[in-house]
Structure formats: C-alpha cells, structure tokens
Amino acid sequence: MKSVISSIEIENRVVVAKYQRLMVGAKVVLVEKASGRQFPETVTRVASPVPVGALRIRLPDAIEPGTYFLKAFNGRGEDAAQSADFEIG
C-alpha cells in the first residue's frame, strides 16, 4: 500500500497535515517547489505506531512566501509520500 500525505492546513505559520500508512520513524520535511530545497529545520518524525494520524510543522521565520510541498521518507531514507502543492503567504 502506498503512503499518503493529505489535507494540508496552514494557520499561524503552523502546517498541519494528515497522513495514512506512514510508519513510525518516517521523516517529513518541507520542500520549496521551485528550487527543490529541503528545509532541515522543518523535519518532523512520525512517532506514533499507528499508521494514520496528523503531524504539525511550525514554520521558521526564514520560510518565505511561495509554493511548497511536504515530502516523507521511510526509515531507510527512501521516498515514501509527497503532498499536493500548497501556498505559504
């Protein structure tokens, strides 16, 4: 089964994303669409043993307006999932 990151919401510089089938230890990072740059200060790990849930990423002030997406990597560092693009204003 394929992992999924869905339902992106942004409020007060906090990104909330729901996920399905991401295993404990998976790493999720914010990526700028135009450059492909990953922001290590936004890395969040899935800590729940339940493969369905939500995660929160607080955006540092250095994150500028633009188009972004979330990318998940499994425990071995392999691509696991990617969210739809979303705007940070």
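Being surrounded by 13 or more Cβ atoms within 10 Å (Cβ to Cβ) and in a strand (DSSP E or B) is the filter here; which residues of region 46-64 pass it?
Gly53, Leu55, Ile57
Please verify whether Thr42 is open to solvent by 20 Å² or more (accessible area, probe 1.4 Å) and among the β-branched types (Val, Ile, Thr), treating the condition exactly as stated.
Criteria not met by Thr42.
So how many residues does region 18-43 have that are assigned to a strand (DSSP E or B) and either in contact with a His (Cβ under 7 Å, 6 or more places away or on another chain) or closer than 16 Å to Phe86 by Cβ (or both)?
So the count comes out to 10.
Starting from region 65-77, take each residue that is among the charged types (D, E, K, R) and list its partners that are open to solvent by less than 30 Å² (accessible area, probe 1.4 Å) and at pLDDT 95 or above, counting only C-beta distances under 9 angstrom and pairs at least six apart or across chains.
Matching pairs, first to second residue: Lys71/Ile5; Lys71/Val28; Lys71/Val29; Lys71/Leu30; Lys71/Val31; Lys71/Ala80; Lys71/Ala81; Lys71/Ser83.
In region 4-16, what count of residues is obtained for those that are closer than 18 Å to Lys27 by Cα and at pLDDT 95 or above?
6
Filter region 65-89 for residues that are in contact with an Asp or Glu (Cβ under 9 Å, 6 or more places away or on another chain) and loosely packed, with under 10 Cβ neighbours inside 10 Å and give the result.
Pro65 - this is the single residue of region 65-89 that is in contact with an Asp or Glu (Cβ under 9 Å, 6 or more places away or on another chain) and loosely packed, with under 10 Cβ neighbours inside 10 Å.
Which numbered condition trips up Lys33, out of (1) among the charged types (D, E, K, R); (2) open to solvent by 90 Å² or more (accessible area, probe 1.4 Å); (3) without any contact (Cβ under 8 Å) to a residue 40 or more places away in the chain?
(3)
Look through region 65-89, keep the residues that are assigned to a strand (DSSP E or B) and more than 13 Å from Tyr19 (Cα to Cα), and return whichever of them is farthest from the chain's Cα centre (by Cα).
Gly66
The values are calculated or read from the model by the stated rules, or taken from the named source; none is laboratory data. Just so it is clear, the model here is predicted, and its values are computed rather than measured. Reconstructed Cβ throughout: ideal geometry from the backbone, glycine too, with neighbour counts over all protein chains shown. Calculation scope for accessible area: heavy atoms of the full protein, side chains included, ligands and nucleic acids excluded. Shrake-Rupley method; radii C 1.70, N 1.55, O 1.52, S 1.80 Å.
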